[in-house]
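All remarks here apply to the structure that follows.
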């Protein structure tokens, strides 16, 4: 019975991957199209990549999105890690439930509500405090940090929960202060979670459209905003070229990460085998 089910499941698996990746492959193929029409093949050409590199609007928007993503991701990692440490290492303190709810609310809050509430907040702050002066890069960074830190907090909190607290307790028993324990013991152990949270926050910031549309101002259009405005007027082969470059960058990044993880896994396995061999040798000589 299981053998009869396997072809059925395999077919659904192939259909699912085809549904996901055939449009991407089509986009990559038509980025090398000579014609302006994205649905009619007129010959191989790289003219749209050259046109993309000469499009200053897209280049400026891409540079702005990268700057915003890097800054907001760094801030989100710092704030999200602080929230995760407070929720996992300080026990049941007053306001813990409120902090936990506030830190996870952006995960389930619709982006339209988040963007509108942040816009109203910035307008009120400008009227009362005179800061921030208008909407631009600063307000986008604050908005992206606000929702990205929730994702970082979840990732880091899960790593801290699975971490053995006896390691930290042993370091404090030996005289280390809590700050030194965190930076010398805890931080290296949760470093993979921090890297994962940073990459997730950067990706969310780079991909965000709805919230950025609410809190941005003149001269502060991110790359998703520019792409959306161009797609509304008709799909351009330049967008295909831009998407192809983004797919290539992501693919290279995933490939490099896979190679590094594979090397780390082999090195860890080799160290374990050497440790086992070292433990056996004294027993054999005895």
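The values are calculated or read from the model by the stated rules, or taken from the named source; none is laboratory data. Since the structure is predicted, the reported quantities are computational estimates derived from the model, not experimental observations. Note that each Cβ is placed from the backbone with ideal geometry, even for glycine, and that neighbours are counted across all protein chains shown.
Right, residue 91: modelled with pLDDT under 90 and on the phi > 0 side of the Ramachandran plot or not? Explain how you work it out, then say what you get.
Values: modelled with pLDDT under 90: yes; on the phi > 0 side of the Ramachandran plot: yes.
Judged against the criteria, residue 91 is a match.
So how many residues does region 36-58 have that are free of Cβ contacts under 8 Å to residues at least 24 places away in the same chain and loosely packed, with under 14 Cβ neighbours inside 10 Å?
12
Could you check how many residues of region 229-269 are in contact (Cβ under 8 Å) with a residue 24 or more places away in the chain, part of a helix (DSSP H, G or I) and more than 22 Å from the chain's Cα centre (by Cα)?
Residues in region 229-269 being in contact (Cβ under 8 Å) with a residue 24 or more places away in the chain, part of a helix (DSSP H, G or I) and more than 22 Å from the chain's Cα centre (by Cα): 4 in total.
Within region 75-100, can you find the residues that are surrounded by 15 or more Cβ atoms within 10 Å (Cβ to Cβ) and either part of a loop (DSSP other than H, G, I, E, B) or touching a residue at least 60 places away in the same chain (Cβ under 8 Å) (or both)?
75, 76, 77, 79, 80, 81, 83, 84, 85, 87, 88
Look at region 72-98 and say how many of its residues are more than 16 Å from residue 151 (Cβ to Cβ) and touching a helix residue (DSSP H, G or I) at 6+ places or on another chain (Cβ under 6 Å).
Total satisfying the criteria: 1.
Kindly indicate which of 71, 40, 66 is at pLDDT 90 or above and over 19 Å from residue 226 (Cα atoms). First the steps, then the outcome.
Numbers: 40 fails: at pLDDT 90 or above; 66 fails: over 19 Å from residue 226 (Cα atoms).
Exactly one of 71, 40, 66 is at pLDDT 90 or above and over 19 Å from residue 226 (Cα atoms), namely 71.
Hand me the list of helices (runs of 4 or more DSSP H) wholly inside region 114-223 holding 1 or more residues that are touching a residue at least 12 places away in the same chain (Cβ under 8 Å) and closer than 30 Å to residue 64 by Cβ. Spell out how you get there, then give the answer.
Numbers: elements: 137-161, 165-173, 178-181, 191-207, 210-215.
Answer list for region 114-223: 137-161, 191-207, 210-215.
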